[in-house]
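What follows is calculated from the coordinates using simple rules that are stated; it is not laboratory data. If you're wondering where the values come from, they're calculated on a predicted model, not measured in any experiment. Ideal geometry is used to build each Cβ from the backbone, glycine not excepted, and the neighbour counts take in all protein chains shown.
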Amino acid sequence: MSASMVRATVRAVSKRKLLATRAALTLTPAAVNKIRVLLQDKPEYIGLKVGVRTRGCNGLTYTLDYTKEKATSDEEVLQDGVTVFIEKKAQLTLLGTEMDFVNSKLSSEFVFNNPNIKGTCGCGESFNM
């Protein structure tokens, strides 16, 4: 079973073309470093799993969990030595998305810069497509 980890924010990116990439999700160096730190003391987990759930005032929200195994329908993104798995339900919502990790005075969180999103709620936790 996976344990819930940190919260994530979603940003709609306007006027950005979908770039053909080899991975459904790209990670910034900050995201790679944070994932590496999170998994460093947890040898039983092989990576993070990104999912999508119906929640919030705008419809959908991303979830992040530790994972011990890859499900048959998960897409695997391996970048710079860290592994992120994408649940089947979240795969289409993440195409062309950049996953970043941002530290500010008020929060430390993963941010999904997604060009496919049509709108987000005021707090940035939920989105619609």
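Between residue 103 and residue 78, the contour length at 0.36 nm per residue exceeds the alpha carbon distance by 6.7 nm. Compute the signed sum of charges (Lys and Arg +1, Asp and Glu -1) over the other residues within less than 13 Å, Cβ to Cβ, of residue 72. Net of charged neighbours comes to -3.
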